[in-house]
Amino acid sequence: MAELYTAQAVMDFWDANATDEQKVERYRIEEIRKDMATARKYLKDALSRYRKDKTKSRSKAKGEDPFGDLAEYTSRDDIHDAYGWGQISEKERDRLWNLWDLREKSKNKTALEDRVTEMLEQAIRSCGCEYDEELMDYDAKRSEMTKTAEKIARENLMRG
């Protein structure tokens, strides 16, 4: 019999001598996890593709930079200075400040968000949730097995 002085060695021994039922269960769990990862990958690809298409169509629709009027200003203070020197009116200053705020908000928004992206993100989060209970039960069983294996390994070391 192998020297079972570590929890991993005990677990490996048990796995090597598993019943057919245990092997089928382990294989099923591995396949579920693999399938969930594959499904999530394709959903994430779809989300990326959708955002890319949406960005491309928005860019084509705009045709020009909507923030072009801000090109000569490096900060809100520059806009205020232009107003203070009488280069722009109060109405123009307010319009430019609003435009500045809009541009800052759009910079901070890392991705396009709409109902379709919300649906795709929800699909990614809930992908495979019907298997959660089965996966958690299996993980709990393996966790208990690991605790028992650690105890056995300690005892074997002490007898050593």
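Before we move on, is Ala39 modelled with pLDDT of 90 or more, aliphatic (A, V, I, L, M) and surrounded by 11 or more Cβ atoms within 10 Å (Cβ to Cβ)?
So Ala39 passes the test.
Considering only residues that are outside any helix (DSSP H, G or I) and without any contact (Cβ under 8 Å) to a residue 60 or more places away in the chain, look in region 101-160 and name the one that is surrounded by the most Cβ atoms within 10 Å (Cβ to Cβ). Break it down stepwise before answering.
Of region 101-160, the ones outside any helix (DSSP H, G or I) are 109-114, 127-128, 160.
Subsequent filtering for residues that are without any contact (Cβ under 8 Å) to a residue 60 or more places away in the chain retains 109-110, 113.
Numbers: Lys109: 9, Thr110: 6, Glu113: 11.
In this case the residue turns out to be Glu113.
Run down Ala153, Ala123, Ala149, Ala111 and say which single residue is at pLDDT below 90 and of a type in the set (Gly, Ala, Ser).
Values: Ala153 fails: at pLDDT below 90; Ala123 fails: at pLDDT below 90; Ala149 fails: at pLDDT below 90.
Checking each option against the conditions leaves just Ala111.
Could you give every pair whose Cβ atoms fall below 7 Å, whose first residue belongs to region 70-91 and is surrounded by 10 or more Cβ atoms within 10 Å (Cβ to Cβ), and whose second residue is of a type in the set (Gly, Ala, Ser), counting only separations of at least 6 or pairs across chains?
That search, which allows pairs on different chains as well, returns Ile88/Ala82.
Among the residues of region 1-41, which ones are among the aliphatic types (A, V, I, L, M), touching a residue at least 12 places away in the same chain (Cβ under 8 Å) and under 30 Å from Gly128 (Cα atoms)? So that I can check it myself, show each step before the final result.
Narrowing region 1-41 to residues among the aliphatic types (A, V, I, L, M): 1-2, 4, 7, 9-11, 16, 18, 24, 29, 32, 36-37, 39.
Next cut, touching a residue at least 12 places away in the same chain (Cβ under 8 Å) only: 4, 7, 9-11, 29, 32, 36, 39.
Within region 1-41, Met11, Ile29, Ile32, Met36, Ala39 meet the criteria.
The values are calculated or read from the model by the stated rules, or taken from the named source; none is laboratory data. Model, not experiment: these values are computed from the prediction. Positions of Cβ are backbone-derived with ideal geometry, glycine not excepted, and every protein chain shown enters the neighbour counts.
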